1. Given the structure, is Glu29 assigned to a helix (DSSP H, G or I), touching a residue at least 60 places away in the same chain (Cβ under 8 Å) and surrounded by fewer than 16 Cβ atoms within 10 Å (Cβ to Cβ)?
2. Sort through Pro89, Pro119, Pro70, Pro85 and tell me the only one that's modelled with pLDDT of 95 or more, over 21 Å from Arg20 (Cα atoms) and assigned to a loop (DSSP other than H, G, I, E, B).
3. For Leu97, indicate whether it is more than 15 Å from Leu18 (Cβ to Cβ), open to solvent by less than 70 Å² (accessible area, probe 1.4 Å) and either within 9 Å of the ligand (Cβ to nearest atom) or in a strand (DSSP E or B) (or both).
4. State yes or no: is Ala13 small (Gly, Ala, Ser) and within 20 Å of Asp134 (Cα to Cα)?
5. Considering each of Arg3, Arg88 in turn, give the residue that is open to solvent by 60 Å² or more (accessible area, probe 1.4 Å), within 22 Å of Arg127 (Cα to Cα) and more than 12 Å from the ligand (Cβ to nearest atom).
6. As an exercise: evaluate Asp79 against (1) under 24 Å from Ala136 (Cβ atoms); (2) away from the ligand (no atom under 14 Å from the Cβ) and give the number of the one condition it does not meet.
7. Hey, among the residues in the stretch 61-80 that are among the hydrophobic types (A, V, I, L, M, F, W, C) and loosely packed, with under 12 Cβ neighbours inside 10 Å, which one's nearest to Val130 (Cα to Cα)?
8. What pairs can you find where one residue is in the stretch 46-68 and over 14 Å from Ala87 (Cα atoms) and of a type in the set (Val, Ile, Thr), the other is open to solvent by less than 80 Å² (accessible area, probe 1.4 Å) and more than 8 Å from the ligand (Cβ to nearest atom), and their Cβ atoms are less than 7 Å apart, with a gap of 6+ or different chains?
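The values are calculated or read from the model by the stated rules, or taken from the named source; none is laboratory data. Computed from a predicted model, the values in this text were never measured in an experiment. When we count neighbours, we look across all protein chains shown, and the Cβ atoms used for this are built from the backbone with ideal geometry, even at glycine. Heavy atoms of the whole protein, side chains included, go into the accessibility calculation; ligands, DNA and RNA do not. Shrake-Rupley method; radii C 1.70, N 1.55, O 1.52, S 1.80 Å.
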Amino acid sequence: MSRLDSFIRRLEAQRACLGRGAALVQDLEGVVLELGLGNGRTYDHLRELFPGRDIYVCERQVAAHPDCVPPADRLLLGDMAETLPAARPLLEARVVLAHLDAGTGDAAANRRLAAMLEPLIVPLLCRGGVLVSDPAMADPALEPLPLPDGVAPGRYHLYRRR
Ligand SMILES: C[S@@+](CC[C@H](N)C(=O)[O-])C[C@H]1O[C@@H](n2cnc3c(N)ncnc32)[C@H](O)[C@@H]1O
């Protein structure tokens, strides 16, 4: 598969999983958490999927499209290793959907980042809350969920907090 096809399939998987996640949590009360703003594509999509919900965003350094910069009081600016623990009093067990897309093309670094972030993210999810994630997760508190049709296993991941 060409790198172009692989990239397109990743974005299709991302969109399909975000849509599935949104449907799964529609009856839960709480907030949404975007982990990795980047240029704001998925943040913008989350705004469409969750009108009226507060969406908190973690980002080390904002470089998003100007239309996709979160309000200052929803932006957790800095390294997630520090901002997620600091946000725990605010967000603990309140997040209905978290989306983790903070990686790069470096697979080993992505695994290390996911292992570091996993114990910081899980306590923020409410019971039944969904984690939509690029990297695989292994916390026993996370139940792997089936992927939407057309998403190849391992391309993106869906979990529900038990
Ligand atoms: C792949 S981009 C996100 C793309 C985004 N989902 C989109 O659709 O535009 C990953 C982002 O995560 C951020 N990031 C990576 N590690 C981080 C960390 N430890 N703390 C805060 N932000 C981090 C990077 O700065 C980068 O902007």
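1. no
2. Matching residue, one of Pro89, Pro119, Pro70, Pro85: Pro70.
3. When the stated conditions are applied, Leu97 does not pass them.
4. yes
5. Checking each option against the conditions leaves just Arg88.
6. Exception for Asp79: condition (2).
7. Ala72
8. Between residues of the stretch 46-68 that are over 14 Å from Ala87 (Cα atoms) and of a type in the set (Val, Ile, Thr) and residues that are open to solvent by less than 80 Å² (accessible area, probe 1.4 Å) and more than 8 Å from the ligand (Cβ to nearest atom), the close pairs are Val62/Val69.
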